[in-house]
Amino acid sequence: MPVADLSVSRAGGFTVAANWAGRLARWWLHGLRKAVPRHWVEWADGGVPPIVVIRRDGDGITCSMADLAPVEARFPATSFNSDVFRGWLSDRELTREQVVVQAVIPRDLFFVRDMSVPQAALAALPKILDQELLRRTPFQPIDVWHAATVVRTEADGVASIWHWIIRKDRAASALTQLGLTLDDIDSLATAASAEHGTAIPVIEFQAKRGDDPVWAIRMIRLLAAAAIAAVVLALLAFEWSQAGVAAAIEDALAEARQSVHNGQGVDPVARLYAMRSETGVLETLDELSRVLPDHTFLSEVRIADGKTTITGFSANAALLVRTIDQSPKFSGAALISAITPDANEHKERFTITFRSRGARTTKSPVAVRSAP
């Protein structure tokens, strides 16, 4: 029993993934189809795809197609669905995208209004219908589908039209009785009259496919695949180039670490890497300014081979050695000459040397002298 449940779960997951992929593909192809110039398609092929009419016939569903070799098939209503319909098309070497599907539903499901519109205003008919729907009917645009068909044109230039309105829930219910969904059809149709069974399309959900012959659909799919492949290749090329840059940086850092470890100071990269982890000149001066008391000033600072020598004047030079040694950045502080009093400054002159913790050996000494 657990195995059966797992199988059902996996099948459901695959179905959801397939539906999502199908919708994504249709969205992509729709956008790409809009980008293809229409005159290219008209120049290459002006063929019109066949029209498939699906209607309820008693306890059965009838599929008819008269554009090619006339063909009609009848299926039991209880077993007809989207898969059966696509299988019927496949038997005729057709796909859903290669045909225009019209679903015929009862005429009494529509609310039909007679209207007269000047022929010159037919170009703006969609906007006129939207205004008529809001002002002269109790329906809200979000709840219905509506469109118009031109019945006849009078001699005075006035066109008589039928404004077809159907609630979305009623249309969905009618499609369910046909075993179809909105994704399976291109338009809703109805019988021309009660005594005449000819179907006329009244509500179109998708643009007519007359401008998209079979070869154009295949070309659009090829362009979509090529666009996806180009994006993937561009991402791979970018990733490869960035990986090369990262590898070069890693190699340079490895060489720098090795040079520092071996005591080699020739490589500029190694020098920079070593200087990054050691106390520099500015850090030494900054630390001295922090630890030395206010009654002390320096006349000379020399930094060479990781060793710093300072000369200056202080009110209490003897305490400076301990003060410097207590800094976390300095060590080994010691006087290298006697402390002598200075009559001019009224302070004690001193010279102290110490080392920076973690300092490296430099070949060029750095000297900083105070202004005289």
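Using r as the Cβ-Cβ distance of Ala243 and Ala155, and R0 as 45 Å, what FRET efficiency do you calculate, to the nearest 0.05?
Values: r = 76 Å, r/R0 = 1.70.
So the FRET efficiency works out to roughly 0.05.
Sort 347-355, 91-99 by the packing proxy (mean of other Cβ within 10 Å over each peptide's residues), most packed first.
Working: 347-355: 19.1, 91-99: 14.3.
So the peptides 347-355, 91-99, ranked by packing, come out 347-355, 91-99.
What distance in nm separates the simple spin-label points at Glu72 and Gln140, each placed 7 Å from Cα in the Cβ direction?
Taking the two extended label points, one gets 4.3 nm.
Only the coordinates and a few stated rules stand behind these numbers; no lab work does. The model shown is predicted, which means the values in this text are computed figures rather than measured ones. All Cβ positions, glycine included, derive from the backbone under ideal geometry; neighbour counts span all protein chains shown.
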